[in-house]
Amino acid sequence: MDTSSKAMNENTLAGLHEGTRLAIVVVTYNSAEVIGGLLNSLPSGLTGLGDTEVVIVDNNSRDTSVEIAASHPVGVRIIQTGRNAGYAAAINAADASIDAEKNLLILNPDIRLEPGCALTLMEQLRDPAIGLAVPQLLHEDGSTAHSLRREPSLITSWSDSLLGTSLAGRLGLGEIVKDEGMYRSGGPVDWASGAALAISARARKAVGKWDETFFLYSEEVDYMERVRRCGLKVAFQPAARAIHIGGEYHGNTGLSALMTSNRIHYYGRHHGAAATFLFRLGIITGEVMRYGLGPGHRAALSAALRPHLEYRAALQR
């Protein structure tokens, strides 16, 4: 190989890896049942990426989450918060320890990356207009998870409550996006499930820290709104695929209450008192209509009827 060809190949390789320096961030809290599966999926999920590191932030798990992560052959760096600090605080702890020039791939411990998922997301982040990219999430049976969302509004609140989230989504009125064409083609979105998301180094610098007042739920809504406010896009890339087990909040009344409280808290940050009252009333109406369907709805109703409360004490025990 002559000198000019060698230089060209080196430049090509440098171009391929430019912008692909990546840190994977995973927050664990009593995640022993699922963290091993995520770590097992990383070698194939990170195919094509050379400069990567895996950072586990543990929120004082009482199970063997830390031991499983520390002994896994994929190799991880562990940060222990020493308390149940919340999701946003744990991400901030990782972010502060990672080179500012790296992109981040934030994953829930119950995510399983499909082959090449991370590289596809990193290629999406090469576009300077995009600050954050999310993959296609699949259920365990391989079906599409409707992970895309519209910005919360009075229309989404009342449509979801009166019509139900399924019908409201199909009509394009609810918070959940159910347009199957969007899940096939991809493109810009308001926000998406925070179970798996890639953040560019440029967005990290522009947006700053995650808001720790949310503790859990709505922190990703807030972060993606701030990405958009900085003039960057949130992009859905269906060619990047990951399986999400998920669904814990459905059977946990504390989490149902916290999700509801934080939805109202987030909306109230961006709208006046009258609009926030109507948004809250929409949620209350929906939970009253579904009161008999289970304790989760009753917990959500209780949370919606109160001012924004901190549910951390119960969750931290």
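A compact table of results
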item: Within the stretch 37-54, tally of residues that are of a type in the set (Val, Ile, Thr) and either surrounded by 20 or more Cβ atoms within 10 Å (Cβ to Cβ) or in contact with a Cys (Cβ under 8 Å, 6 or more places away or on another chain) (or both); result: 1
item: Test: residue 141 is more than 20 Å from the chain's Cα centre (by Cα), buried (at least 17 other Cβ atoms within 10 Å of the Cβ) and acidic (Asp, Glu); result: no
item: Qualifying position, being out of contact with any Phe, Trp or Tyr (no Cβ under 7 Å at 6 or more places or on another chain) and within 16 Å of residue 161 (Cα to Cα), among 214, 236, 277; result: 277
item: Residue within the stretch 118-134 that is under 14 Å from residue 41 (Cα atoms) and crowded, with 23+ Cβ neighbours inside 10 Å present; result: yes
item: Conditions (1) within 30 Å of residue 99 (Cα to Cα); (2) among the polar types (S, T, N, Q); (3) crowded, with 22+ Cβ neighbours inside 10 Å; number of the one not met by residue 159; result: (1)
item: Residues within the stretch 74-95 that are charged (D, E, K, R) and either part of a helix (DSSP H, G or I) or out of contact with any helix residue (DSSP H, G or I) (no Cβ under 8 Å at 6 or more places or on another chain) (or both), tallied; result: 2
item: Residues within the stretch 19-65 that are among the aliphatic types (A, V, I, L, M), assigned to a strand (DSSP E or B) and touching a residue at least 40 places away in the same chain (Cβ under 8 Å), tallied; result: 7
item: Close pairs (8 angstrom Cβ cut-off, 6 or more residues apart or separate chains): farther than 15 Å from residue 258 by Cβ in the stretch 208-234, of a type in the set (A, V, I, L, M, F, W, C) and surrounded by fewer than 19 Cβ atoms within 10 Å (Cβ to Cβ) anywhere; result: 227/206; 230/206; 232/129; 232/206; 233/129
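Rundown of residues vs (1) on the phi > 0 side of the Ramachandran plot; (2) in contact with an Asp or Glu (Cβ under 8 Å, 6 or more places away or on another chain); (3) modelled with pLDDT of 95 or more; (4) surrounded by 16 or more Cβ atoms within 10 Å (Cβ to Cβ), yes/no style:
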| position | (1), (2), (3), (4) |
| --- | --- |
| 171 | no, no, yes, no |
| 174 | no, yes, yes, yes |
| 179 | no, no, no, no |
| 187 | yes, no, yes, no |
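The values are calculated or read from the model by the stated rules, or taken from the named source; none is laboratory data. Just so you know, these numbers come straight off a predicted model, no measurement behind them. Note that each Cβ is placed from the backbone with ideal geometry, even for glycine, and that neighbours are counted across all protein chains shown.
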